[in-house]
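Comments concern the structure below.
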Amino acid sequence: MSQTDFERFKEEKESQIGQCLRGRLGEEDGPDMPSIDSADSLKEQYYWFMLGINNPPEKDNIDWEGLEKELRAYADEVAKEWYERKRDEDRAEAFRSGRL
């Protein structure tokens with residue numbers, strides 16, 4: 001297990017969350033974001049998908065609860081940005097169509 005593998009895993013998770021900000025937001029009522037996995041699930045995904053290890057070690061010196069909290073905080077920031085962008089797009093559309 002290398003730090004670069006873990007960093008890549010973390011970046012991929014953040015990228016999945018940030019995908020909802022790409023392109024026009026359209027008629028959606030809220031951001032289409034993936035759910036944030038539990039710390040145990042993140043650990044299993046990391047070892048299985050990134051390292052190909054079926055049974056992760058009990059102790060690995062990675063703060064999985066901290067990562068879960070970090071991803072949840074990032075998802076909150078992304079959702080806030082999504083709602084701000086959606087509000088701005090809706091206002092611009094209303095202005096263009098003469099409703100404002």
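Read the figures in this text as sums done on the coordinates, not as results from a lab. A quick note: this is a predicted structure, and the numbers were derived from the prediction, not measured. Please note: Cβ atoms are built from the backbone with ideal geometry, for glycine as well, and neighbour counts cover all protein chains shown.
From the Kirkwood radius over Cα pairs of the chain, Stokes-Einstein at 20 °C and 1.002 mPa s returns a whole-number translational diffusion coefficient of 138 µm²/s.
Filter the trypsin sites (Lys or Arg not before Pro) in the stretch 44-100 down to the DSSP loop ones having no more than 16 other Cβ atoms within 10 Å, then list what survives. Write out the running numbers ahead of the final one.
Details: sites: Lys59, Lys69, Arg72, Lys80, Arg85, Lys86, Arg87, Arg91, Arg96, Arg99; in loops: Lys59, Arg99.
Taking the stretch 44-100 and a limit of 16 other Cβ atoms within 10 Å, the loop trypsin sites (Lys or Arg not before Pro) found are Lys59, Arg99.
Note on the chain: dipole from Cβ charges, positive end direction compared against Gly98, Tyr83, Ser35; the farthest Cα belongs to Gly98. Under the convention that each Lys and Arg Cβ holds +1 and each Asp and Glu Cβ holds -1, the size of the dipole of the chain around its Cα centre is about 460 debye.
Length available on full extension from Glu81 to Leu51: 0.36 nm per residue minus the Cα-Cα distance, which gives 7.5 nm. Bridging of Lys10 to aspartates and glutamates at a Cα separation below 19 Å is possible for Asp37, Asp40, Glu44, Asp60, Asp63, Glu65, Glu68, Glu70, Asp76, Glu77, once same-chain residues fewer than 8 apart are set aside.
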